[in-house]
Every structure is written in C-alpha cells, then in structure tokens.
Amino acid sequence: MRVVTRMKPKRMDELIGGSMHWIVKHRLIGRQQILAFEDRKDGRIDIVLSGTLELIPPSPKRAHQGWRYLESTNVPAEDGDGSGVSELPPLLYSRLAALALL
C-alpha cells in the first residue's frame, strides 16, 4: 500500500521499520509498518506500507497535519490505557467527543 505525501520526513531513515498510525474521527485506531520511502516523478514522496493494518484499542487523539514522531514511551499500548474509553461504541464516543467530554 502507498500513501502520498508532499514533504520528505527529515528522520526518514529512522522511520523505516516503524509504524504509521491512523487517526479516524479523533481516534487512533490502527497502525501499519513503514517499509520504504520512494520518490515520485511529480516531486512528491510515496510512503510504502505493509498491506496489513494492525488494529489497536481506539484511543482519543487530536487530528493534526504533518509528521508526528511517537517516541517509544508514547506509542499506544496494545491493551488500551485502562480508562475504558476504547470500549465505547463509536457513535457514543463521537457524541461525547463532540460535547468535549473526552
């Protein structure tokens, strides 16, 4: 799988073998392993990802633009944070988030 980006990350070599985390509707929901970075003819960069999406317990995360590097201490735990937020149904979660309660 390929994801296109305009900017080449400064720490590109460190990211190979790491993970790209996916945020959907203010929830961190999964990750894919980064296999490589390839230049495109149009000047942009392809991020080559593994075809397997590893689902993780959903956790609240603000949307952002650009690259974010998660240090090993900030990587989401595989079993959630113990708060129970990851257990909420998606519709209830989105409504509570819209009311700024999460």
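The values are calculated or read from the model by the stated rules, or taken from the named source; none is laboratory data. Computed from a prediction, not measured in an experiment: that's the story for all the values here. All Cβ positions, glycine included, derive from the backbone under ideal geometry; neighbour counts span all protein chains shown.
Within the stretch 54-65, the presence of at least one residue that is modelled with pLDDT under 85 and among the polar types (S, T, N, Q) is confirmed. Would you please list the contacts, defined by Cβ atoms under 7 Å and residues six or more apart or on different chains, that run from a residue in the stretch 23-34 that is without any contact (Cβ under 8 Å) to a residue 60 or more places away in the chain to a residue that is part of a strand (DSSP E or B) and polar (S, T, N, Q)? Correct list of pairs: L28/S59; R31/S19; Q32/S19; Q33/S19; I34/S19.
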